[in-house]
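Enquirer: Please read through the structure below; I'll follow up with questions.
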Amino acid sequence: MSELIAVIPGDGIGPEVMDQTTRVLTHVRPDLRFETYQLGAEHWQKTGEVLSDETLARLAEADAILLGAVGAAPGSKAIPSGLIERGLLLKLRFHFDHAVNLRPSKLYPGLPTPLAESVVADKLIDFVVVREGTEGLYAGNGGRFRPDTPQEVATEVSINTAHGVERVVRYAFDLARDRRGQLTLVHKHNVLVNAGTLWRRVVAEIGEQYPDVTTDYLHVDAATIMLVTNPDRFDVIVTDNLFGDILTDEAAAITGGIGLAASANLNLSGTYPSMFEPVHGSAPDIADQGIADPRAAILSGAMLLDHLGHRADGDHIRRAVETDIVQTIGVRRGTSAVGDAILAALG
Ligand code: IPM
Ligand code: MN
């Protein structure tokens, strides 16, 4: 049976970039089947439903999930903060046990970057952040006591399990072994001593099985500086959920912008579908104008193919997008024109 991809176009520019992504995926693998799910902010505004158990059960049957973007348009019915993020996006990541949130960054030659010329010149800026995807401060472990009073108490407790840390660290070591053999742990163990000790112990222990991988460590504040002053020092970064969230926005900003940043949320055991999404949001300000850049979504589609075992097809798409990126610097094109160009490059 051909593979089934659940597509959640979502809000804003999500549907536009998903259209181009499914076009490209169909081009390289005509046997793929797609099933579209209407979910997101607009869906909630219309129906009051965020994600039902029934929909979750149907999504679980897919081989992989493609997600465009979710987020309300300004001026539309207000949505309580966190409702869609926690109730849809994080629910999918947690329920489907997306242990690894994989976010590659590469600065293509000639691409505009806010980095200094001296930082970029003749350097290979090509690294991957392996962000833990199911734990940390995202776990939702906390509460409000005496809310809305002067005595209010609010807690958010970071969860770090040996199981969760070990699996993401092992993944990062394997990835580093396949790349340039350099793994950097980013944390803040001088302050977050409990979680920091666990992360460092796990990296040291697993590292013994990878003598071919060099490891080092940076506090997260120092890592934000290094990304701007010395980004070529990075190959694979492994870090917790919130540090990874912050670092990957910075990583995207220095390597061509969030419009090119792809990501994968990986279920490592194969028990549930993995999910692939561009890092950018729903960008309501440019929605429905046919001008959104679909390349982050298309690159996420390439990661989907890698994950399903179609690595050659994933590489084929990546090469086409990379060629397109370097050949169209400074050129303005519409969303479907970008899709056309990539299809043409695929041959
Ligand atoms: C991301 C986003 C999400 C996150 C939000 C929308 C919940 O910022 O994918 O990086 O924090 O993980
Ligand atoms: Mn983010």
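The values are calculated or read from the model by the stated rules, or taken from the named source; none is laboratory data. Predicted model, so just to flag it, every value in this text is computed and none were measured. Here the Cβ is made from the backbone with ideal geometry for all residues, glycine too, and neighbour counts use every protein chain on show. For accessibility, only protein heavy atoms count, side chains too; no ligands or nucleic acids. Shrake-Rupley method; radii C 1.70, N 1.55, O 1.52, S 1.80 Å.
Enquirer: In the chain, once you exclude exposed GluC sites (Glu not before Pro) (DSSP loop, at most 14 other Cβ within 10 angstrom), what's the longest stretch remaining?
Expert: 209-347
Enquirer: I would also like to ask the following. Per residue, how many Å² of accessible area does the chain show with a 1.4 Å probe?
Expert: Ligands and nucleic acids excluded, the result is 44 Å² per residue.
Enquirer: Now for a separate question. Going from the alpha-carbon gyration tensor of segment 225-327, what semi-axes, largest first and in whole Å, does one get by taking the root of 5 times each eigenvalue?
Expert: 21, 20, 16
Enquirer: Beyond 18 Å, what share of the Cα-Cα pairs of segment 196-260 is found? Please give it as a whole percent.
Expert: 43 percent
Enquirer: Just to be sure I understand the curve: with the Debye formula and one point per C-alpha of segment 292-347, what is log10 I(q)/I(0) at q = 0.22, 0.25, 0.30 Å⁻¹?
Expert: Debye curve over Cα of segment 292-347, log10 I(q)/I(0) at q = 0.22, 0.25, 0.30 Å⁻¹: -0.79, -0.98, -1.25.
Enquirer: Compute log10 of I(q)/I(0) for segment 114-270 with the Debye formula, placing one identical point scatterer on every Cα and leaving out solvent, at q = 0.15 Å⁻¹, to two decimals.
Expert: Cα-only, vacuum Debye calculation for segment 114-270: -0.83.
Enquirer: Let me ask another. Mind checking which lysines have their C-alpha under 17 Å from Lys91, skipping anything on the same chain fewer than 8 residues away?
Expert: none
Enquirer: May I pose another question? Given a 10 angstrom Cα cut-off, can you work out which residue in Pro294, Pro278, Pro114 is the most mobile in a GNM of the chain?
Expert: Of Pro294, Pro278, Pro114, the Gaussian network model singles out Pro114 as fluctuating most.
Enquirer: Still on this model: Normalising by the residue count of segment 1-78, find the relative contact order in percent from Cα pairs under 8 Å and 6+ residues apart.
Expert: Across segment 1-78, relative contact order equals 51 percent.
Enquirer: Now for a different question. In debye to the nearest 20, how big a dipole does segment 240-323 give about its Cα centre with +1 on each Lys and Arg Cβ and -1 on each Asp and Glu Cβ?
Expert: 320 debye
Enquirer: Give the aspartates and glutamates whose C-alpha is closer than 15 Å to that of Lys123, dropping any in the same chain fewer than 8 places away, or say none.
Expert: Counting by Cα, and skipping residues close in sequence, Lys123 has these aspartates and glutamates nearby: Asp232, Asp235.
Enquirer: Roughly what percent of Cα-Cα pairs across segment 1-133 reach past 19 Å?
Expert: 62 percent
Enquirer: A further question follows. What percentage of the solvent-accessible surface of the chain, computed with a 1.4 Å probe over protein heavy atoms, is contributed by carbon and sulfur atoms?
Expert: 53 percent
Enquirer: Go ahead and set up a Gaussian network model of the chain, Cα springs under 10 Å, then flag whichever of Leu308, Leu67, Leu25 fluctuates most.
Expert: Leu308
Enquirer: If you don't mind, another one. For a quick protection proxy, order the peptides 189-195, 238-244 by their average other-Cβ count within 10 Å, most packed first.
Expert: The densest-packed peptide leads the list: 238-244, 189-195.
Enquirer: How much mean residue ellipticity at 222 nm does the chain get from its helices, if each DSSP H run of length 4 or more adds -39500 (n - 2.57) and you divide by all residues, to the nearest 500 deg cm²/dmol?
Expert: -12000 deg cm²/dmol
Enquirer: Expressed in whole Å with the largest first, what are the equivalent ellipsoid semi-axes of the chain derived from the C-alpha gyration tensor as the square root of 5 times each eigenvalue?
Expert: Equivalent ellipsoid semi-axes, largest first: 29, 27, 21 Å.
Enquirer: Return an integer: the convex hull volume of the alpha-carbon atoms of segment 160-223, in Å³ per residue.
Expert: 74 Å³
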